[in-house]
Ligand code: HEM
């Protein structure tokens, strides 16, 4: 095929603006891109040039799991992106390829398996019960985010990391500064350095520990020479920050349950379906705006009949794959009886989310505690008045005003 013909067949570059979506509305731009074809080209508000976008489940899984697509190569590029600041640390887990990526992830893997997270279940349940006790004591109305959805995941991730309770507040503040774009890049960078210095101390102090918390696992791995202290600290920071993803995700989850009371009623009446219902909600929830981190093709690869050239940037959309009609019947419906449910809300391939089991555990505890202990729980304002985060990478309500 001549160069001209290939160029002519390239799909147009679509501009994907940053939009402040509310509720659990599916991004209309993403819906259009999905309708346009399996492979489209996008230009996001920051960075340079264009990138491919892959939206169908099979193709998403292929790109996410194929070593011909590299994360490490993204480091040296200004790929078009949603995030205004792009200051990845060299060696950060999101920007490594195997075998370094595997080596790093292996050091903490035991803490994040289904069995590993069970270690914190009882403490987590107790901490949540205390928060709900306080909520009930203070009486309605309340902000569910401030009262439970924000403090609970912080307490749990700190517990799993081995961060003492006294330091939780500081962790939360650093996380907010790192994740927020409104304070500017230097403020985020400083907060990251401060959190890093904290973890350097904590991991160093645990180097001889045989405990199962993440700081101890990292300390032991550094001690055995498997990872460097710098790598350990970088990973600890990302795991600590990632821990708060549950606040946003469960914010959307409860927004859905409180605006669709028939769903909440079914969960109250049939506690046995909660684990699978939570997975269905995870499939459905549009966790983020636009797309996250791209990958770079290291050689020419054909996807859905189109040639991706070596050096091209490629994004996968896990949100789109979760609505692929070839995999999910009536993908726009929330169906608690859906099975099997092979969603990719936590990603796929080597970079799949290490926090998936933890997020499931926390979501289950939240659903149990809030639905069972507060039978009349409902929104205190009309759905359209629930404030949603603006200019954010991860979507979720700013506050969830409730009464009972
Ligand atoms: C419901 C909540 C959550 C959702 C929907 C979610 C989703 C995701 C997704 C889609 C990815 C990207 C996969 C890729 O790059 O291809 C990811 C990566 C990641 N997540 Fe989560 N996550 C959640 C909670 C958490 C929690 C609780 C933690 C911390 C324990 C966490 C830590 C991370 C880290 C460190 C990565 C980077 C992994 C890597 O690149 O190897 N996440 N997450």
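The values are calculated or read from the model by the stated rules, or taken from the named source; none is laboratory data. Everything numeric in this text was worked out from a predicted model, so none of it was measured. Because the Cβ atoms are built from the backbone with ideal geometry, glycine has one as well, and the counts that use them run over all protein chains shown.
What residue, among those in segment 48-69 that are over 19 Å from residue 11 (Cβ atoms) and under 20 Å from the mean Cα position of the chain (by Cα), is surrounded by the most Cβ atoms within 10 Å (Cβ to Cβ)? Per the stated criteria, the residue is 57. Counted as qualifying within segment 1-81 are the helices (runs of 4 or more DSSP H) with 3 or more residues that are within 20 Å of residue 391 (Cα to Cα), namely 28-36.
For segment 239-248, a residue qualifies if it is more than 6 Å from the ligand (Cβ to nearest atom) and either within 23 Å of residue 142 (Cβ to Cβ) or in contact with a strand residue (DSSP E or B) (Cβ under 9 Å, 6 or more places away or on another chain) (or both), and the qualifying residues are 244, 247, 248.
A Cβ distance below 6 Å, combined with a sequence gap of six or more or placement on separate chains, defines the contacts here; from segment 16-39, residues that are under 20 Å from residue 259 (Cβ atoms) reach residues that are surrounded by fewer than 15 Cβ atoms within 10 Å (Cβ to Cβ) in the pairs 20/390.
Note on segment 302-320: residues that are part of a loop (DSSP other than H, G, I, E, B), modelled with pLDDT of 95 or more and either away from the ligand (no atom under 16 Å from the Cβ) or more than 20 Å from residue 282 (Cα to Cα) (or both) amount to 4. Has segment 100-110 got at least one residue that is more than 16 Å from the ligand (Cβ to nearest atom), farther than 25 Å from residue 282 by Cβ and surrounded by fewer than 21 Cβ atoms within 10 Å (Cβ to Cβ)? Scanning segment 100-110, I find no residue that is more than 16 Å from the ligand (Cβ to nearest atom), farther than 25 Å from residue 282 by Cβ and surrounded by fewer than 21 Cβ atoms within 10 Å (Cβ to Cβ), so the answer is no. If you go through segment 321-358 and keep only what is within 15 Å of the ligand (Cβ to nearest atom) and more than 30 Å from residue 111 (Cα to Cα), you end up with just 323.
Being surrounded by fewer than 14 Cβ atoms within 10 Å (Cβ to Cβ) and either out of contact with any strand residue (DSSP E or B) (no Cβ under 6 Å at 6 or more places or on another chain) or at pLDDT 95 or above (or both) is a condition met by at least one residue of segment 353-373. Just one of the listed residues (219, 251, 225, 234) is without any contact (Cβ under 8 Å) to a residue 60 or more places away in the chain and either in a helix (DSSP H, G or I) or within 13 Å of the ligand (Cβ to nearest atom) (or both), and it is 219.
The set of residues in segment 254-263 being buried (at least 19 other Cβ atoms within 10 Å of the Cβ) and within 16 Å of the ligand (Cβ to nearest atom) consists of 254, 255, 257. In a residue-by-residue description of segment 80-87, the property of being crowded, with 22+ Cβ neighbours inside 10 Å and out of contact with any helix residue (DSSP H, G or I) (no Cβ under 8 Å at 6 or more places or on another chain) applies to at least one position. Taken over segment 94-117, residues that are assigned to a helix (DSSP H, G or I), closer than 26 Å to residue 149 by Cα and either in contact (Cβ under 8 Å) with a residue 40 or more places away in the chain or touching a strand residue (DSSP E or B) at 6+ places or on another chain (Cβ under 7 Å) (or both) amount to 9. Within segment 290-305, one or more residues are closer than 30 Å to residue 104 by Cα, touching a helix residue (DSSP H, G or I) at 6+ places or on another chain (Cβ under 8 Å), surrounded by fewer than 18 Cβ atoms within 10 Å (Cβ to Cβ) and in contact (Cβ under 8 Å) with a residue 60 or more places away in the chain.
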